[in-house]
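Here the structure is laid out as structure tokens; the discussion comes afterwards.
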Number of protein chains: 2
Amino acid sequence: MLKLYSFGPGANSLKPLLTLYEKGIPFEQHLLNPAKFEHHSDWFKAINPRGQVPALADNGRVVTESTVICEYLEDAHPTEVKLRPDDHHDRAQMRVWTKWVDEYFCWCVSTIGWHRYIGNMVKSLSDAEFEEKVKAIPIPEQQLKWRRAREGFPQDLLDEEMRKIAVSVRRLDDHLADHEWLAGGMFSLADICNFAIANGMENGFSDLVNESDSPHLLRWIRQINERPACREMFAQVPHELAPAKKKEG
Amino acid sequence: MLKLYSFGPGANSLKPLLTLYEKGIPFEQHLLNPAKFEHHSDWFKAINPRGQVPALADNGRVVTESTVICEYLEDAHPTEVKLRPDDHHDRAQMRVWTKWVDEYFCWCVSTIGWHRYIGNMVKSLSDAEFEEKVKAIPIPEQQLKWRRAREGFPQDLLDEEMRKIAVSVRRLDDHLADHEWLAGGMFSLADICNFAIANGMENGFSDLVNESDSPHLLRWIRQINERPACREMFAQVPHELAPAKKKEG
């Protein structure tokens with residue numbers, strides 16, 4: 001049986017989670033609590049030495065990186081509901097969108113999320129407690145991000161990230177104005193991976209994602225939320241962990 | 001007939017180029033000169049509106065993004081020489097490596113390359129000439145990178161990028177110490193995409209890539225250079241454009 005280690009239905013964790021629900025593949029749900037730094041605990045680093053969720057264990061072999069896990073599920077379960085276009089050109093377009101999430105869209109949203117949520121979480125720790133948490137983080141860049149969240153991100157960085165978020169919203173809304181889905185005329189991993197970051201932005205970024213400025217993006221967010229697999233996922237997976245999107249990016 | 005638009009055998013352009021040579025797929029070679037800013041010219045932006053190489057045209061449909069093009073060539077030409085492992089887990093490992101190049105390794109090497117080569121190139125332009133070149137660049141982030149290259153990158157950014165390059169070299173050398181190839185026990189897109197950035201580092205970054213500090217990485221670089229497809233590529237494709245690696249990243 002597949003085992004998925006995740007923070008629940010938000011941000012990068014949502015990608016393989018929704019993929020599993022859409023494909024109807026049974027799996028064991030292992031939820032980690034980011035507020036307890038469970039992803040940096042020794043038992044989890046034995047599964048993913050980089051201390052990052054999501055991670056998928058399949059017969060003892062572990063696959064990491066959310067987008068890679070989604071492609072893996074397509075490779076390993078090609079006969080269930082298809083989430084990749086068959087046409088090679090359409091499939092390439094799908095990958096341009098999933099790659100764009102990983103290289104651009106997710107980072108700017110993540111920094112703002114860290115600024116708003118992680119900052120307060122780590123500021124409540126004592127210096128000694130904080131240093132102990134940081135010591136457990138295996139990736140130097142992640143250690144730095146925790147330190148920056150505690151010190152407060154510089155305003156010019158936050159401004160730059162907000163600029164990129166506006167660019168991202170524009171790009172998605174423009175494309176969705178004349179496409180039902182992002183790639184290949186079908187609901188695909190391109191939609192799942194972008195939805196993972198965009199869902200909830202109508203609340204957290206309402207000055208950008210709203211009925212008058214980005215109606216097509218809003219339409220698409222609602223349409224995905226109404227899919228049976230998506231409703232089932234949100235109904236079954238604890239909501240306490242949902243804001244992980246804003247916590248871990 | 002496939003048409004590949006590239007800067008020649010260096011950096012991101014090398015990825016689809018070597019993939020085509022390895023697979024033995026005939027294609028039309030279209031080389032652009034980065035020093036003449038040909039990738040920002042109107043004729044090329046009609047092919048790729050983002051003004052970036054490489055781009056592959058297949059029967060009038062265009063595929064962009066170097067890693068996506070490589071996967072496309074595997075999807076569209078599965079019976080030629082295989083550059084993706086069949087095993088799903090091995091294929092996922094391959095994608096972890098190609099994703100790492102795109103999100104981490106290529107960026108730090110690229111900034112140093114821009115600092116060393118593009119800086120001098122754009123400093124020789126007048127203000128008016130420079131502004132005209134920048135106006136033709138469709139992506140705001142790329143415009144900013146050109147401006148920074150002209151002004152000079154801040155030293156703390158350059159130091160940080162050098163730190164990341166050292167981390168990258170260590171990661172590759174450690175893995176190659178007990179693996180002939182990066183993923184799945186075979187020469188794959190993981191090797192091609194990392195080689196695209198790593199090849200030549202024994203010259204440009206000899207304090208990191210050398211016989212005593214990273215012998216396994218060096219062994220792997222040489223081994224790829226000796227492959228018939230790689231020799232053929234370097235022999236056939238003009239060398240003037242090879243340093244594009246250092247120019248465009």
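For residue B:80, the label point sits 7 Å beyond Cα toward Cβ; its separations from the matching points on the remaining copies run 3.4 nm, from shortest to longest.
Distance between the C-alpha centres of region B:1-63 and region A:124-155: 42 Å, rounded to the whole angstrom.
Counting only other residues whose beta carbon sits under 14 Å from that of residue A:42, what net charge do I get with K and R as +1, D and E as -1? The answer is +3.
Where does region B:88-227 land on Rg(C-alpha)/(2.2 N^0.38 Å)? Numbers along the way, then the final one.
Numbers: Rg = 17.3 Å, N = 140, 2.2 N^0.38 = 14.4 Å.
Rounded to two decimals, the normalised Rg is 1.20.
The Rg/Rh ratio for chain B is 0.96, where Rg is the radius of gyration of the alpha carbons and Rh is the Kirkwood radius. With contacts taken as Cα pairs under 8 Å at a separation of at least 6 residues, region B:88-227 carries a relative contact order of 32 percent.
Estimated translational diffusion coefficient (Stokes-Einstein, Kirkwood radius over Cα pairs, 20 °C, 1.002 mPa s) of the protein assembly as shown: 90 µm² per second.
Label point of residue B:35 (7 Å along Cα→beta-carbon): distances to the other copies' equivalent points are 6.0 nm, sorted ascending.
In terms of its alpha-carbon gyration tensor, region B:1-61 comes out oblate; a/c meets the 1.5 threshold, while b/c is at least as large as a/b. Between the label point of residue A:166 and that of the same position in each other copy, find the distances and list them shortest first in nm, with every label point placed 7 Å from Cα along the Cα-to-C-beta direction. Sorted ascending, the copy-to-copy spacings read 3.9 nm. Chain A residue nearest by beta-carbon to the axis mapping A to B, with distance in Å: A:103, 3. Counting charges near residue B:166 (Lys, Arg +1; Asp, Glu -1) among other residues having Cβ under 14 Å from its Cβ returns a value of -4.
Put a plus charge on the Cβ of each Lys and Arg, a minus charge on the Cβ of each Asp and Glu, and nothing anywhere else: the dipole of chain B about its Cα centre is then about 500 debye. Summing Lys, Arg as +1 and Asp, Glu as -1, what charge do residues with Cβ under 11 Å from the Cβ of residue B:229 carry, residue B:229 excluded? Around residue B:229, the surrounding residues sum to 0.
The numbers here are math on the coordinates, done by the rules we state, and not lab data. Just so it is clear, the model here is predicted, and its values are computed rather than measured. Glycine gets a Cβ as well: all are built from the backbone with ideal geometry, and neighbour counts include every protein chain shown.
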